[in-house]
1. State whether one or more residues within the stretch 10-30 are in contact with a Lys or Arg (Cβ under 7 Å, 6 or more places away or on another chain), among the β-branched types (Val, Ile, Thr) and surrounded by 14 or more Cβ atoms within 10 Å (Cβ to Cβ).
2. Quick one: is ILE10 of a type in the set (Val, Ile, Thr), closer than 30 Å to ILE292 by Cβ and at pLDDT below 95?
3. So which residues in the stretch 162-178 are closer than 24 Å to PRO94 by Cβ and at pLDDT 95 or above?
4. Kindly indicate the residue of the stretch 229-277 that is in a helix (DSSP H, G or I) and among the β-branched types (Val, Ile, Thr) and also farthest from SER15 (Cα to Cα) among those meeting that condition.
5. Looking at (1) surrounded by 23 or more Cβ atoms within 10 Å (Cβ to Cβ); (2) more than 15 Å from the chain's Cα centre (by Cα), which is the one condition that is false for LYS262?
6. Report every pair of residues separated by at least 6 positions or lying on different chains whose Cβ atoms are under 6 Å apart, first residue within the stretch 187-200 and closer than 14 Å to VAL222 by Cβ, second surrounded by 10 or more Cβ atoms within 10 Å (Cβ to Cβ) and at pLDDT below 65.
7. Tell me which strands (runs of 3 or more DSSP E) are completely within the stretch 125-196 and hold 1 or more residues being more than 18 Å from the chain's Cα centre (by Cα), or say none if there are none.
8. Going by the conditions given, is PHE39 under 27 Å from the mean Cα position of the chain (by Cα) and surrounded by fewer than 17 Cβ atoms within 10 Å (Cβ to Cβ)?
Amino acid sequence: MPADEIGIKIFSGSSSINFAKKMCKHLGTEVGQSKTIIFSEGNTFVQILEKVRDKDVYIVQTIGLHPNDDFMELLFLIDAFNRASTASVTAIIPYFSYAKGDKKDEPRVSIRARVCADCLEITGVDRIITMDLHSPQIQGFFKKPVDHLYGMPTLCKYIKSKKLDNLVVVSPDAGFAKNARSYANLLRASVAIGDKTRMCHDEKAEILNIIGDVKGKNAVIVDDFTISCGTLIETARALRNNGAKKVIACVSHALLGDKGLKALDESVIEELIITDTVENKKAFAHPKVTVISVAKLFADAVRIIHNRESLSNLFDAMITCVDEDE
């Protein structure tokens, strides 16, 4: 049944227009009408251009390449919908950039993810849908429901289609090792872990060693996001130094700019697999980058949530789909 017939209204902020259109295509509807104006001094203005009274509204807005502007626009949209007497407002945040700020690990620093969670709830959000949070415990920062989706099955389905033999899944550091094991289980592969150190906030990491056997194997480096490609490149270099053959990388969210893409181009990484959670046109056009859409995943999640069904059925179906490809 088309989304319009069951009362689903999808709207988009400025950062996720194409992603929202893809979702709507799967749902059999059109993106709702709204407008955003950025005034010359940087002020943001939003307006809803159609009636939404008593509707269940879903706003798609990734917090990505321009996180401060993206986040403020999302807050203003949530407020506008609540003032228009919607039945509920769900924020669909494909990539939540401030999830990196999940703890007070230095003196006198802000726990940024918690501040963002408080702002969203005070503004009147009823539910959050997101994917591959940097720190899953951030769900606990919210009093409202958070539906945390996983890009892994979609990405593994593509990796399996490459039919790489003697595969090893590599985590760049111990922090992502648990996720790497999940990838390895789906791919029927072994696991290796990079021994990474980061001395400051300059986005530069050093891989000291590779823990695990990678000699003569095809390596897939997995991580949740990349900004500069530095960690991926350092890990790939260490893998080649330890005898790995082909090296590819796979991340859920790509925020690469010109410098990062140039570094990728000059690296030993043969392919970087990403999703479309962040509308990054420069990365999408790079010859080493393969983009896998997760818009259908979000569309299916919206339909399931709207029908008051369980999301676990969606996860089970995706895992089964990956296994059936063997």
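The values are calculated or read from the model by the stated rules, or taken from the named source; none is laboratory data. Bear in mind the structure is a predicted one, so any value in this text is a computation, not a measurement. Glycine also receives a Cβ, built like all others from the backbone with ideal geometry; neighbour counts cover every protein chain displayed.
1. Checking the stretch 10-30: not a single residue is in contact with a Lys or Arg (Cβ under 7 Å, 6 or more places away or on another chain), among the β-branched types (Val, Ile, Thr) and surrounded by 14 or more Cβ atoms within 10 Å (Cβ to Cβ).
2. No.
3. The answer is VAL169, SER171.
4. THR235
5. Of the numbered conditions (1) surrounded by 23 or more Cβ atoms within 10 Å (Cβ to Cβ); (2) more than 15 Å from the chain's Cα centre (by Cα), the odd one out for LYS262 is (1).
6. What qualifies is GLY194/ILE207; LYS196/ALA205; LYS196/ILE207.
7. Here the list reads 167-171.
8. No: the conditions fail for PHE39.
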